[in-house]
Amino acid sequence: MRDSPLEVELSLLVCLLLCGVYAGYAFLAEPSGGQPFGHWLGISGAALMVATETLYSLRKRLRWLGWAGPLRLWLSFHIFTGLVGPFLVLLHTAFQFRGLAGFTMGLTGLVVASGFVGRYLYTAIPRSLAGAEASQAELAQAAVEVEARLAELAQQRSAAVQALVEADARWPRRQRGEIALVLLRAWDDWRYRRRLHAQVRQSERSEQRSLAEIERLLQRRRSLERQMRTLEGARRLLSTWHVAHVPMGLALFGSTAIHVAATLYFRAGLWS
């Protein structure tokens, strides 16, 4: 089960490249959404946003599309287009937020921000490499395997390392409710990793070998414990997020459709 920010990093790289293209365009001409180049920025951005809202949903709901690749790759594409598309629309506005176009851009910003929240909640639910949600039984089995591997490695090390593994198992867990554990998991994980890394570094002074594998397994054990405690809460939060996110998306595309229709009707520089 793996969560990678690669699609976010790639999106930021593409946006930086687009900034370079836009800077060259601004140097040669006065930026305007009503000029042909500005229109094509908007058309490209709108096309990517439509892909964001449709392709991942179709892949998730239509089983016969299983041949098209694992769901996790479609989610990565969904995130990529959901960041690059709105950025193209932002460039299309020439940073002028007036009238319906400004309202549409504001909705776009809300949808993108909501998407980041959704991604955070989505990654709180453990999944297989294929993107399927893990069950409590699968998490429990993974925890047993991690525990067995930890016990095996600890027996091969010094008493100090065995004490480290045992002390970590006894370390008090957060007593927050499910929802708070989900929302604050990044903060909790950061604090735990920092404390654990300091303890491992201290133990390594008396060891001849690195304890990287034991540190990784301890982090994995703690993560599995939290996931088993918060699985249902994370699902409820993600379901609630969908209730808010979907109407915002529909409002955005309704506003975009009106903007496009008005542009075509008034022929606002599209054909010039």
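The values are calculated or read from the model by the stated rules, or taken from the named source; none is laboratory data. Since this is a predicted model, take the numbers as computed values, not measurements. We place every Cβ from the backbone using ideal geometry, glycine too, and count neighbours over all the protein chains shown.
Results, tabulated for the structure shown:
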read-out	value
Filter result for residue 194 (under 28 Å from the mean Cα position of the chain (by Cα), under 24 Å from residue 125 (Cα atoms) and modelled with pLDDT of 90 or more)	yes
Test: residue in segment 94-110 that is of a type outside the set (Gly, Ala, Ser) and at pLDDT 85 or above	yes
Pick from segment 192-216, criterion hydrophobic (A, V, I, L, M, F, W, C) and under 26 Å from residue 180 (Cβ atoms), ranking: surrounded by the fewest Cβ atoms within 10 Å (Cβ to Cβ)	198
Residue match in segment 58-68 (condition: more than 14 Å from residue 92 (Cβ to Cβ) and touching a residue at least 12 places away in the same chain (Cβ under 8 Å))	yes
Selection within segment 28-52 - modelled with pLDDT under 80, touching a helix residue (DSSP H, G or I) at 6+ places or on another chain (Cβ under 8 Å) and of a type outside the set (A, V, I, L, M, F, W, C)	31, 32, 33, 38, 39
Failed condition for residue 143, given (1) modelled with pLDDT under 85; (2) under 30 Å from residue 60 (Cβ atoms); (3) not assigned by TED's automatic domain parsing to the domain that holds residue 83; (4) not basic (Lys, Arg)	(1)
